[in-house]
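We did not get these values from a lab; they are worked out from the coordinates using the rules stated. This structure is a prediction, so every number in the text was calculated from the model and none was measured. Using ideal geometry, Cβ is built from the backbone for each residue, glycine included, and neighbour counts are taken over all protein chains shown.
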Amino acid sequence: MHDVEAASRYLSSIEELGRIEAWILKETKICKVLKAIGKLNKGKIPLDSEYQITHRASRLLHSFNVILLEEEVMKAREKEKKKVDGLSDRLAAFELGGAATAMAVEE
């Protein structure tokens with residue numbers, strides 16, 4: 001039963017950290033460990049009903065997946081913003097070039 005108590009303490013430590021940065025989740029591979037715990041068959045973890053190892057692992061995995069998805073969305077938005085900014089710059093340059101051409105024709 002010592003291993004289950006140790007696992008519970010580890011989960012408690014992770015739960016107490018609060019929000020974890022996405023890069024830490026990627027570097028530590030904690031999500032893979034939590035997913036593996038979730039795949040264990042019912043009754044595979046002794047005293048799971050007391051320590052709630054699978055439930056807690058599932059809850060942590062869900063919150064970490066949200067963090068990772070938020071990072072993906074943020075990166076996609078930054079990429080799109082750069083793309084739009086680049087197009088806006090091209091449009092402004094084109095409009096300025098067009099205005100200069102129009103002014104030269106009028107003279």
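Residue by residue through the stretch 32-46, what is 3J(HN,Hα) from phi via Karplus (6.51 cos²θ - 1.76 cosθ + 1.60, θ = phi - 60°)? Round to whole Hz and write x for glycine and proline.
5, 5, 5, 5, 5, 4, x, 7, 5, 5, 4, x, 6, 9, x
Glu72 versus Leu17, label points 7 Å from Cα toward the beta carbon: distance in nm?
Between Glu72 and Leu17, the label points sit 2.1 nm apart.
Please list, ordered by chain and number, the residues whose modelled amide H lies under 5 Å from the amide H of Ile45; skip anything fewer than 5 residues away on the same chain.
Here the answer is none, since no amide H 5 or more places off falls under 5 Å of that of Ile45.
Let's see if you can work this out: charge +1 on each Lys and Arg Cβ, -1 on each Asp and Glu Cβ, no other charges. What is the dipole magnitude of the stretch 2-106 about its Cα centre, in debye to the nearest 20?
Charge dipole, the stretch 2-106, about its Cα centre: 520 debye, nearest 20.
Number of Lys pairs in the chain with C-alpha atoms less than 29 angstrom apart, excluding same-chain neighbours closer than eight positions?
Lysine pairs meeting both conditions in the chain amount to 21.
Along the positive direction of the dipole of the chain (beta-carbon charges: Lys, Arg +1; Asp, Glu -1; about the Cα centre), which of Ile53, Ser13, Val73 reaches farthest?
Farthest along the dipole direction, towards plus: Ile53.
Compute the projected area of the convex hull of the Cα atoms of the stretch 2-106, averaged over all viewing directions, and report it in nm² to one decimal place.
Taking a quarter of the hull surface, the average projection is 9.3 nm².
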